[in-house]
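> I am attaching a structure below and will ask some questions about it afterwards.
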Amino acid sequence: MNNKIPPPIVTLISGLAIYFSRNLFPNHTGLTLDVFSILLLLFGIIIIRTAFVSFKKHQTTINPLNLTKTSSLVNTGIFKYTRNPMYLGMVLILLSIALKFNLYGGLIVILLFFSFITKFQIIPEEKAMESLFEQKYKKYKKTTRRWL
């Protein structure tokens, strides 16, 4: 793996960057943004929880830094729609923070998060999954998108 920083820590750092850079960008507030922020936060948490439960049901690791402990390819439930629901949930949580505190700066940070996670987490995970599950994973990649 190229990344030694757990994705939840990358998400936390990104969320803090969105919040603490809020004074550098124009401020947008309003009830509509607050409502969407709460909905995205809840949706992100639900997606992450659903993926977590699927991993536990299949008795495989949720640790993205130690893929050698992966015991099964999960491609059912939410994993039928996205290969990376946990990272998608993290993006939705960051988008929630951006809507609440720093729309423009948040979009920049989210783009950086998206790029970082894709390059240093997802692509190495995909290589590891291909070596572990070979044709089964290649077929899964063809039928299910990386993000959405």
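> With a 1.4 Å probe and every protein chain kept in, tell me what percent of the accessible surface of the chain is carbon plus sulfur.
66 percent
> About its Cα centre, what dipole magnitude does the chain give when the only charges are +1 on Lys and Arg Cβ and -1 on Asp and Glu Cβ, stated in debye to the nearest 20?
I would put it at about 520 debye.
> Let me ask you something else. Determine the per residue accessible area of the chain with all protein chains present and a 1.4 angstrom probe, expressed in square angstrom.
The answer is 60 Å² per residue.
> Select from 124, 19, 143 the residue farthest towards the positive end of the dipole of the chain; place +1 on Cβ of Lys and Arg, -1 on Cβ of Asp and Glu, and compute about the Cα centre.
143
> Among 17-28, 80-91, 117-128, how do they line up from the highest to the lowest mean number of other beta-carbon atoms within 10 Å?
Final packing ranking: 80-91, 117-128, 17-28.
> Taking Cα centroids, how far is region 53-82 from region 14-40 in Å?
Going from one Cα centre to the other spans 32 Å.
> Using modelled backbone amide H atoms (1.01 Å from N, in-plane), which distant-in-sequence or interchain residues come within less than 5 Å of residue 28's amide H?
It is 103, by chain and number.
> From Cα coordinates alone, what are the radius of gyration and Dmax values for region 64-148 in angstrom?
Answer for region 64-148, Rg first and Dmax second: 14.5, 44 Å.
> Okay, moving on. What FRET efficiency do you get for residue 39 and residue 134 if R0 is 25 Å and r is their Cβ-Cβ distance, rounded to the nearest 0.05?
Once rounded, the FRET efficiency stands at 0.05.
> Further question: What is the local net charge at residue 132, summed over the other residues whose Cβ is closer than 15 Å to its Cβ (Lys, Arg +1; Asp, Glu -1)?
+3
> Additional query: Take the residue pairs 57/136; 100/139; 119/139; 56/119 and return only those whose Cα atoms are more than 31 Å apart.
With Cα atoms farther than 31 Å apart: 100/139.
> Quick check on the chain: what does the Kirkwood estimate of hydrodynamic radius come out to from the alpha carbon pairs, in Å?
The Cα-based Kirkwood calculation yields 16.1 Å.
> I'd like the per residue volume of the convex hull spanned by the Cα atoms of region 1-84, given in cubic angstrom.
119 Å³
The values are calculated or read from the model by the stated rules, or taken from the named source; none is laboratory data. Here the structure is a predicted model, which is why all the values come from computation and not from measurement. Using ideal geometry, Cβ is built from the backbone for each residue, glycine included, and neighbour counts are taken over all protein chains shown. Remember, those area values only see protein heavy atoms, side chains included, never the ligands or the DNA or RNA. Shrake-Rupley method; radii C 1.70, N 1.55, O 1.52, S 1.80 Å.
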